[in-house]
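One structure is given below, encoded as structure tokens.
What follows draws every value from the coordinates through simple rules; no lab data is involved. Since we're looking at a predicted model, the values are computed, not measured. Quick reminder, even Gly has a Cβ in these numbers, built from the backbone with ideal geometry, and neighbours come from all protein chains shown.
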Amino acid sequence: MNEIQSEIDPETGARIYPNDRVYGPFDLKPATPKESKQLAKKESQMVMWDEPSSLQEIREIFAPTLTETEFKSFIGLGKGTGLNPFLKEIYAVKYDKTKPATFIIARDGYRKSAQSHPDYDYHRTSAVYSNDEFQNDNGKINHKYGFGDRGQLLGAYCLVKRKSASEPIYVDVPLKEYDQTHSCWRNMKETMIKKVAEAQCLKASFQELFAGSMSDDEYQIAKSNDKQSSHASKSSIVLDLLKPSMVTEAQLEIIHGLVDISGMSEDRLSKAKMHFGVADLEELSEGQANEFIAILNKGAGK
């Protein structure tokens, strides 16, 4: 009886017979439990962005004010990133119908989506203090510090390395540009500024995933700045309304006429200007002009 030829697989040590041989670039290794779980989770998230009932729920809960075009863009961002709005990883806001919607991704959403990308290698972020040894040599970071007094918090930076890139992407954010006086910024400045740096760097490194999005911290800062700008504008309007009206041309003509009729000397006219706190008659307010006219009329009547 002829013996069936076989050979030993050098990788697995298993005996391979001719009928077992598979031709072509196929990976017959079974998925690990972790890989199976990740695949199932990813497929579940993709179904969420394709299933009409799920999309309707997302529309009602997370994007009720978006236009159809904006909602389609939001769906595209959700599919591309694989993020879940029900886990607060991604959401949309639109408070003004005249302005475009803002698509917001939480810091953990940026991290989760980037780390699941096949080209992701590593990333790291750190805060910088005034007593640290810190040097940025054309993107090459030398940062040393201990557990002693690190001084004043100056900002944070983040490095993100893609496998296909020769150098990591570098982003730094100065605290003075983002510092807020409310919420977590008051008590956890280092944590918050590091979140800003990390989100910005991940977004810059994976633009094909995150283009058109904003981190939740960036959005809150922008919203706060808009409120301050709006408050300053309203205050300016109020001050303008409270500001007294200036003397009119008609009032100036009357004043000059009465000054001539009364024969008021330059010395008395100068004292009158000092009384009203002006250097020239053109600086009088409308009320001061009426008061001066009344004084001049009384003097002319005498």
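Can you figure out the FRET efficiency of SER285 with ASP96, using R₀ = 30 Å and their beta-carbon distance, to the nearest 0.05? Once the sixth-power term is evaluated, E becomes 0.20. Computed on the range 249-301, with alpha-carbon pairs under 8 angstrom and 6+ residues apart, the relative contact order is 57 percent.
For a paramagnetic label modelled on GLN152 (point 7 Å from Cα along Cα→Cβ), amide N atoms under 18 Å away belong, within the range 127-146, to 127-134. Peptides 82-94, 173-185, ordered by how many other C-beta atoms sit within 10 Å of their residues on average, highest first, read 82-94, 173-185.
Within the set LYS79/LYS176; LYS163/LYS194; LYS195/LYS223; LYS144/LYS189, which residue pairs have Cα atoms separated by over 26 Å? The pairs that break the limit, which is 26 Å between Cα atoms, are LYS79/LYS176. Shape class of the range 62-158 from the alpha-carbon gyration tensor: prolate, with a/c at 1.5 or above and a/b greater than b/c.
The length gained by stretching the chain between ASN187 and GLU60 to full extension, at 0.36 nm per residue less their Cα-Cα distance, is 42.2 nm. Take the Cα of ILE295, go 7 Å toward its beta carbon, and the backbone nitrogen atoms of the range 248-271 under 11 Å from that spot belong to 268-271. Which part of the range 157-173 falls in the paramagnetic zone of GLU133, meaning amide N under 20 Å from the point 7 Å along Cα-to-beta-carbon? Zone members listed by number: 157.
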